[in-house]
Amino acid sequence: MLETVKEAKNQEATAFEPRIVAFFCNWCTYLAADLAGTSRMKYPPNARVIRVMCSGRLDPQFILKAFADGADGVLIGGCHPGDCHYQEGNYKCLRRFHLLKRVVKEMGIEDGRFRLEWISASEGDRLRTVMIDMVEKVRALGPLHWNAPVEEVAVS
Amino acid sequence: MPERNGAVRVGVYVCHCGSNIAGIVDCKEVAEYAAGLIHVVVSRDYKYMCSDPGQDLIRNDIQEHKLNRIVVAACSPHLHEHTFRVATANGGLNPYYMTMVNIREQDSWVHTDRQAATEKASDLVRAAIRRVVLQRPLEKARVPIDPNVLVVGGGIAGIHAALTLANAGKHVYLVEREATIGGHMAMFDKTFPTLDCAACILTPKMSAVKAHPNITLWAYSDVEKVDGYVGNYKVRVRRRTRYIREDLCAGCQECIEACVYKQPKFADEFNQGLGKRRPIYLPFPQAIPQTPVIDRDTCIEFNEPRKIRWLTSLSQGAFSAPRGQCCLSPHFARLWKSGKCKKTCLEACGDRHAIDFKLQDQLEEIKVGTIILATGFQPFDAKRIPYYGYGHYPNVYTSLEIERLVNASGPAAGEVVLRDGKTVPKSIGIIHCVGSRDENTNRWCSRVCCMYSLKLAHLLKEHTGADIFNFYIDMRTPGKSFEEFYQRLLSEGVHFIRGKVAEVTDWVFDPSEEGKLTLRVEDTLLGVVRRIPVDMVVLSVGMEGHQDAQDVRRLFNITCSTEGFFQERHPKLAPVNTFTDGIFLAGCCQGPKDIPDTVAQAGAAAAEALALICAGYVEQEPNCAYVIEEECSGCKTCIPLCPYSAISFREDNRAEVNPVLCKGCGTCVAACPSGSLQQRMFEDDELFEEIEGVLVHA
Amino acid sequence: MPENRGYLYFPGCSLRATGVAYEESLLELFRVLDIPLQELEDWNCCGATSYMAVDEGSAFLLSARNLSIAGQKENHDLMPPCSACYLVLRKTQDYVAHYPEARRIVEEGLKAAELKPFNGVRVRHPLEILYNDVGLARIKAQTVRKWQGGKIACYYGCQAVRPYDEVDRPHDPIRMDELMRAVGAETVDYSLKTKCCGGSLTGTIHDVGVWLNYILLKEAVRKGAEAIVTICPLCQFNLDAYQSEISKEAGKAFDVPILYFTQVLGWALGGDPKALGLHRSIGGRGLVRKWFSVSQEVLAHA
């Protein structure tokens, strides 16, 4: 029984395609992703993008929900510090990100799964690089299985 | 809870976009998948959703199938969200019951695995369906447009835009940093390909600006602060003082003649450091405004350390080797100025009393509805290429210096002589692409240099009869009559050598090279390395964005491209718009271009501004934050977070958002602990559905 | 201050052969400056540019061995005076840091030789060390004999200034000029200061090599220089050794002293003229005798 589980897990590991949820701000990162598209750059299809007007809109609950619903990684894309279309929204996002990162680490979400990147509207190639890098890193970490049923442990 | 107009009935449309999407994403499969999802009544795939028939599909389906939600999976919402909102509205449905899914720029164009791309499209469509169910009907807010316009930059682009707008009856504030308008074009001698005299075609426009009742010209001024949004910008302008009152000055220039500096001593910025000026000066004879400037840095009356600005402020110029033309007299070399001058200028002004050393900078606050940025370019600093010898060998010049030299109103009255002030060069080498098309400096082509190099070759030959060599990599002559101009130069006996010059050096190999500058170059058409000794070398420097472009663009809340020019909204379809509504670009600040294209772009920017002004209002996306009053606990967490101070605290202990000031970032919404602050179009429940939708299969 | 700690000295083959004057003057100069030099123990030939051109991987290994030994010392500043040694050692260190393939070759090779990998070893040319660590102010202050010789053309050669620009600016280096001026010398504006002397071409394609040196000598003299000062032993050798041949071919006499910058500095800072390797000069011996105030006997010492 153990062997088949192990085997299944191995198979799963080699065939594992990480599921990444990406929250992009409308003015910078979303446009960078569009630019990557118009320039026909190629990157892995693992991310699902959710558009918000500003990275400052991101409630930590969104990130937690993404992990809880099965995401193996969450990426936040915003404008570079100083360049936020709404002046300071990205700084607020940064603060929340640092705090949230600590919290989710305690919950067992390793480094590399939850990531914040500043990508400006003209940085299509950077977006591509980040996508490729993140997918590979999360792939190496394996599935998160955060919502998998917990094994019963006998208590004597 | 969102309002329900009966049961939710969703229409899904998956666009092929020809083969752009359908080539990778199986649109049929996505549509079929959507058809099986809850609430979906109609699910189609179609070749071109943005076309008339495509939009009609939406319109007709809404009516026929009583749809009350629409999902369009196609290109980026940045392109066609508006199109589909209109189509939805035409069908009789509130346009905010429509949501778009990006399966082109962010799916079919960036992925190669068909199955994965189709699965991604399906996931995104599923999420959009879940989201759209919760969307609310919204109305666009209308914002009035102030008819005044601010044009920043008084070169040919700014001048043309200002005149166009002023002639249309709108009031324009034209703010220019230098003491005179005219920009770089005022420095040129003749312009290609017609060899029109630049000043002759420019100065009438400059005078028109001065005379126009609808233009307020503020030269020697900077924009200091910009607040607000499209239609309602509040701008603070600092009008730096020239210590001479424009309204009292008659433009007689007797003050300049009377200055205690009997001989001009300071590097003349307009003449690229080739000429000299006094502390009180007019940049050039046809300067507008025709009021001299007293330069604080060099005038003795101001008791401050003299910043030797000419050494640092010129982007090219100041030589390490003494030149006889441009050094300060040792008599005035002490760092501190006395602060006591005879002020002969004041005397000469006499009864007019236009000169006043007590004047201060003036701050002006203006309200405008639209802004046009026409701040121009900065020439490449030739010193960055040490092997061309600029700044090391005296007789290496930049193209702008030559423009001033050949100009009849330049520092040498049109006599082209070397730095010694007397020798007429008998051979001249013109090097193309200096700083451009080079990984080490700037990668781009500056577009105008081949043409102006040809022009300079022609002018120099005319002025000196010298042997002229143009060293080029490619000959770029794309405009109207440009190729014909090149042919003309070929017939004038100018030598053209195809090769990138490796170095400009003074080492002598052959006695005939003694006293000259030798250009070493591989002549790629002959296939040999050549040494060409010349008397004078001209570097055709490229264009760059201004050094302070990053600071300026932050002021206006726009972006710069990686090259350092201001970023246009779309390189083909929106070359004069920026991502900030109401702010437009004109001229070389957006990218290198020649005068015809600059003028065209300035007209385009003026037209865009006029379009807004004539409409009278602009519709704002209704994505403001709002407070659900019953649930607000009055904790005040949100209040300090808003950069626009749009949230206020009411007497009844509730927060309130001012929809006019709110820009819709949503930062306050994310912070609200009770969830009573929400953002329209980006409600918490809508986003939760979208997140769940991309991950959880129905 | 780093100079009190001293440097690891890598002589390289040239400084023990045709470039002995460089070693002698360098050691004397550093003695006068009271900067300890510790010769790298059991150093091996760096392979210079010849090896690098034939088999890069093996060339890296030659340098890696030296770098590994240096890495084991407390002091990690390795000083190779010869420009070729400098370039090859520096390049090895750079490539190992940035290119996985180079790192792999070197790590495997070092492991096979039971040597440790090197980290943090700095490869520094004496010109840069004298300019940055010692500084112009100190050189000036410690000058006991101002230069009384003729005008100098400072010749940097190509390898020390390209592609790595820590030693000096690639296209228009000035540090040697400034050091010379600090001891009272007058320098000329020498446009060929980084033009290649041909390196080993004088040995392989002799005509071409000699021709290149003819150009260098001719231009220096035309600019009014009476001596050429170098930082590389092969440059010095090339410019010095073929002057009679060049004179014959050119029909114009060239008898120009080709000195090491350490000889000029060593003398100016009070070093023993007998210990500066001056007797090894070929060109311009008469001028050398005059400028350095050394007797005929000293110069004749073999």
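The values are calculated or read from the model by the stated rules, or taken from the named source; none is laboratory data. As the structure is a computational prediction, the values presented were derived from the model and not from experiment. With ideal geometry, Cβ positions are generated from the backbone for all residues, glycine too; neighbour counts draw on all protein chains shown. The protein model used for the area step is the full one, side chains on, heavy atoms only, and it has no ligands, DNA or RNA in it. Shrake-Rupley method; radii C 1.70, N 1.55, O 1.52, S 1.80 Å.
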Requested in this report: Give the residue, chosen from B:Ile70, B:Ile103, that is more than 15 Å from A:Arg51 (Cβ to Cβ) and hydrophobic (A, V, I, L, M, F, W, C).
Outcome: B:Ile70
Query raised in the report: Condition test on B:Glu608, is it surrounded by fewer than 17 Cβ atoms within 10 Å (Cβ to Cβ), within 30 Å of B:Asn167 (Cβ to Cβ) and of a type in the set (Asp, Glu)?
Result: no
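Can you tell me how many residues in segment B:174-233 are of a type in the set (A, V, I, L, M) and within 30 Å of B:Ser453 (Cα to Cα)?
11
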Query raised in the report: Only one of these conditions is not met by C:Gln296: (1) without any contact (Cβ under 8 Å) to a residue 40 or more places away in the chain; (2) farther than 23 Å from C:Glu28 by Cβ. Which number is it?
Result: (2)
Report summary line: Pairing a residue in segment A:31-45 that is within 7 Å of another protein chain (Cβ to nearest Cβ) and on the phi > 0 side of the Ramachandran plot with any residue that is open to solvent by 20 Å² or more (accessible area, probe 1.4 Å) and at pLDDT 95 or above, where Cβ atoms lie under 7 Å and the two sit 6 or more apart in sequence or on different chains, gives A:Arg40/B:Trp109
Report task. State whether the residues of segment B:474-493 include one that is under 30 Å from C:Asp172 (Cα atoms), touching a strand residue (DSSP E or B) at 6+ places or on another chain (Cβ under 6 Å) and either not in a strand (DSSP E or B) or not assigned by TED's automatic domain parsing to the domain that holds B:Tyr390 (or both). Result -> no
Requested in this report: Please work out which one of (1) open to solvent by 50 Å² or more (accessible area, probe 1.4 Å); (2) more than 14 Å from every other protein chain (Cβ to nearest Cβ) is the condition B:Tyr97 fails and give its number.
Outcome: (1)
Requested in this report: Would you be able to say whether some residue in segment B:510-533 is part of a strand (DSSP E or B) and farther than 30 Å from C:Asn213 by Cβ?
Outcome: no
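Per-residue answers, yes or no, for (1) of a type in the set (A, V, I, L, M); (2) buried (at least 16 other Cβ atoms within 10 Å of the Cβ):
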position	(1), (2)
C:Arg181	no, yes
C:Glu186	no, no
C:Lys193	no, yes
C:Gly203	no, no
C:Val210	yes, yes
C:Lys223	no, yes
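Of all residues in segment B:484-511 being within 14 Å of chain C (Cβ to nearest Cβ) and more than 35 Å from the chain's Cα centre (by Cα), which is most open to solvent (accessible area, probe 1.4 Å)?
By that ranking, first place goes to B:Pro511.
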Query raised in the report: Any idea which of A:Arg115, A:Arg96 is on the phi < 0 side of the Ramachandran plot, of a type in the set (Lys, Arg) and outside any helix (DSSP H, G or I)?
Result: A:Arg115
Query raised in the report: Since A:Ile109 meets every condition but one in (1) open to solvent by less than 10 Å² (accessible area, probe 1.4 Å); (2) in a loop (DSSP other than H, G, I, E, B); (3) within 11 Å of another protein chain (Cβ to nearest Cβ), which condition does it not meet?
Result: (3)
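Every residue, every condition in (1) in the same structural domain as B:Glu178 (by TED's automatic domain parsing); (2) out of contact with any Lys or Arg (no Cβ under 7 Å at 6 or more places or on another chain); (3) more than 30 Å from B:Thr375 (Cα to Cα); (4) surrounded by fewer than 24 Cβ atoms within 10 Å (Cβ to Cβ), yes or no:
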site: B:Val101; (1), (2), (3), (4): no, yes, yes, no
site: B:Val110; (1), (2), (3), (4): no, no, yes, no
site: B:Thr118; (1), (2), (3), (4): no, yes, yes, yes
site: B:Ala121; (1), (2), (3), (4): no, yes, yes, no
site: B:Leu134; (1), (2), (3), (4): no, yes, yes, yes
site: B:Pro147; (1), (2), (3), (4): yes, no, no, yes
site: B:Gly153; (1), (2), (3), (4): yes, yes, no, no
site: B:Ile156; (1), (2), (3), (4): yes, yes, no, no
Report task. Specify which of the listed residues (B:Cys50, B:Cys17) is over 17 Å from B:Ile129 (Cα atoms), among the hydrophobic types (A, V, I, L, M, F, W, C) and surrounded by fewer than 21 Cβ atoms within 10 Å (Cβ to Cβ). Result -> B:Cys50
Report summary line: All-but-one check, B:Gln550 against (1) touching an Asp or Glu at 6+ places or on another chain (Cβ under 9 Å); (2) in a helix (DSSP H, G or I); (3) within 10 Å of another protein chain (Cβ to nearest Cβ), failing number (1)
Report summary line: Scanning segment B:364-389 residue by residue, those more than 14 Å from chain C (Cβ to nearest Cβ) and aliphatic (A, V, I, L, M) turn out to be B:Ile366, B:Val368, B:Ile371, B:Ile372, B:Leu373, B:Ala374
Report summary line: If we keep only residues of segment B:627-656 that are more than 14 Å from chain A (Cβ to nearest Cβ) and not in a loop (DSSP other than H, G, I, E, B), then the residue surrounded by the most Cβ atoms within 10 Å (Cβ to Cβ) is B:Ala655
**Report entry** Candidate set from segment B:670-685 (those that are at the interface with chain A (Cβ under 10 Å from one of its Cβ atoms) and under 38 Å from the mean Cα position of the chain (by Cα)); member that is nearest to A:Cys25 (Cα to Cα)
**Finding:** B:Phe682
Query raised in the report: Any chance segment A:81-104 includes a residue that's in contact with an Asp or Glu (Cβ under 9 Å, 6 or more places away or on another chain), surrounded by 23 or more Cβ atoms within 10 Å (Cβ to Cβ) and either at pLDDT below 95 or facing chain B (nearest Cβ under 8 Å) (or both)?
Result: yes
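Please tell me if B:Ala166 is touching a strand residue (DSSP E or B) at 6+ places or on another chain (Cβ under 6 Å) and part of a loop (DSSP other than H, G, I, E, B).
no
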Report summary line: The number of residues in segment B:228-255 that are open to solvent by 70 Å² or more (accessible area, probe 1.4 Å) and free of Cβ contacts under 8 Å to residues at least 12 places away in the same chain is 1
Query raised in the report: Given (1) within 14 Å of chain A (Cβ to nearest Cβ); (2) out of contact with any Ser or Thr (no Cβ under 6 Å at 6 or more places or on another chain); (3) closer than 21 Å to A:Cys84 by Cα, where does B:Val660 come up short, assuming only one miss?
Result: (1)
Query raised in the report: Does segment B:213-228 include one or more residues that are closer than 29 Å to B:Asp551 by Cα, of a type in the set (Gly, Ala, Ser) and in a strand (DSSP E or B)?
Result: yes
Report summary line: The strands (runs of 3 or more DSSP E) lying entirely within segment B:360-445 that contain at least 1 residues which are within 30 Å of B:Thr241 (Cβ to Cβ) are B:362-368, B:370-373
Query raised in the report: Of the residues in segment A:51-76, how many are within 7 Å of chain B (Cβ to nearest Cβ), buried (at least 21 other Cβ atoms within 10 Å of the Cβ) and under 14 Å from the mean Cα position of the chain (by Cα)?
Result: 4
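Residue-by-condition table, conditions (1) within 14 Å of another protein chain (Cβ to nearest Cβ); (2) closer than 20 Å to B:Tyr472 by Cα; (3) surrounded by 15 or more Cβ atoms within 10 Å (Cβ to Cβ); (4) modelled with pLDDT under 95:
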position: B:Thr524; (1), (2), (3), (4): no, yes, no, no
position: B:Val528; (1), (2), (3), (4): no, yes, no, no
position: B:Ile532; (1), (2), (3), (4): no, yes, yes, no
position: B:Met536; (1), (2), (3), (4): no, yes, yes, no
position: B:Ser540; (1), (2), (3), (4): no, yes, yes, no
position: B:Gly545; (1), (2), (3), (4): yes, no, yes, no
position: B:Leu555; (1), (2), (3), (4): yes, no, yes, yes
position: B:Ser561; (1), (2), (3), (4): yes, no, yes, yes
position: B:Phe565; (1), (2), (3), (4): yes, no, yes, no
